[in-house]
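Asker: Below you'll find the structure I mean.
No value in this document is a laboratory result; all are computed from the given coordinates. These numbers were taken from a predicted model, which means no experiment stands behind them. Positions of Cβ are backbone-derived with ideal geometry, glycine not excepted, and every protein chain shown enters the neighbour counts.
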């Protein structure tokens with residue numbers, strides 16, 4: 001009976017030990033008898049990531065974090081064990097982030113094109129690159145950091161609200177109401193101006209329409225005239241018109257030549273006239289000055305009277321000769 005109890009106690013102990021080992025292996029997510037592929041990534045800071053945290057690829061659990069160690073130049077290298085059947089994306093990058101609100105973290109392997117469009121995350125990925133054997137990594141801010149940032153933002157908002165409350169006092173409210181009334185007055189005036197300009201624009205549009213109709217009428221008239229000219233040019237009348245125009249041009253050319261000859265003759269006549277006028281002018285000057293016989297005749301009244309009496313006597317003599325020719329002429333015939 002005692003031997004049976006010992007066997008029972010030993011079995012319970014072995015079963016408990018097996019349960020403890022299995023629970024430990026399950027907690028550490030160990031895969032007994034299954035080969036795993038190891039990859040490494042480096043970060044400037046890994047946040048609250050711990051050994052054993054899950055590794056996800058496209059949202060599916062594909063492995064676990066096996067080791068976290070510090071390296072030279074201030075880098076943190078994280079080694080991950082992955083299921084060998086999982087295919088890694090092209091140009092992979094590793095992003096660490098919180099998986100829940102209770103402090104659990106995870107690593108996500110994704111293409112670099114799918115990395116969150118965050119300037120800080122992009123900068124971390126760029127700085128961690130350069131080694132083809134180690135994937136570049138970046139760490140997302142955790143809930144505590146986001147809460148701290150939110151707290152600072154809330155404090156800044158509260159400070160701004162306090163300043164706005166200090167600035168927006170009773171006088172500011174009265175000025176704001178006055179500004180609103182001024183805006184209403186300005187709006188009404190602006191509406192009246194818009195209405196007036198709309199009326200002016202309507203009249204302008206009417207005038208433009210009238211002008212367009214007049215222009216269309218002129219265009220139609222021009223088109224009809226063009227058609228008539230085209231029809232006239234295509235008929236024999238145009239040929240006759242051209243012949244008449246040629247003849248008129250020839251006649252005009254002949255008239256031009258004759259006019260040039262007349263002009264030359266007029267120029268010669270003008271020269272002769274200038275000479276005659278100059279001589280007449282000199283003669284009149286002499287006559288006016290009393291020079292010469294004619295001048296003395298004009299200037300000397302006694303000479304004019306004597307000449308007149310001489311002419312009278314000559315007329316009496318001529319009359320007497322005509323009346324008594326034999327008295328003055330004696331003709332003898334042999």
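Asker: Run the quick spin-label model on residue 323 and residue 44: label points 7 Å from Cα toward the beta carbon, then report their separation in nm to one decimal.
Answerer: 16.4 nm
Asker: Stretched out fully, how many nm does the piece from residue 15 to residue 91 gain, at 0.36 nm a residue minus the Cα gap?
Answerer: Working: separation 76, 0.36 × 76 = 27.36 nm, distance 4.72 nm.
Contour length minus Cα-Cα distance gives 22.6 nm.
Asker: Could you give the nm distance between label points at residue 219 and residue 192, where each point is 7 Å from its Cα heading toward the beta carbon?
Answerer: Once both label points are built, they end up 4.2 nm from each other.
Asker: Expressed in nm to one decimal, what extension gain is obtained for the pair residue 275 and residue 122 from 0.36 nm per residue of sequence separation less their Cα-Cα distance? Each step should come with its number before you reach the end.
Answerer: Numbers: separation 153, 0.36 × 153 = 55.08 nm, distance 11.35 nm.
Additional length available on full extension: 43.7 nm.
Asker: How far, in nm, would the chain grow between residue 254 and residue 176 when pulled straight, counting 0.36 nm per residue and subtracting the alpha carbon separation?
Answerer: Details: separation 78, 0.36 × 78 = 28.08 nm, distance 9.45 nm.
My answer for the length gained is 18.6 nm.
Asker: Once both labels are modelled 7 Å past Cα along the beta-carbon direction, what's the residue 58-residue 263 spacing in nm?
Answerer: Reported label-point gap for residue 58 and residue 263 is 10.4 nm.
Asker: Give or take rounding to whole Å, what are the principal axis extents of the alpha carbon atoms in the range 46-119, in descending order?
Answerer: Principal extents (Cα only, largest first): 28, 28, 28 Å.
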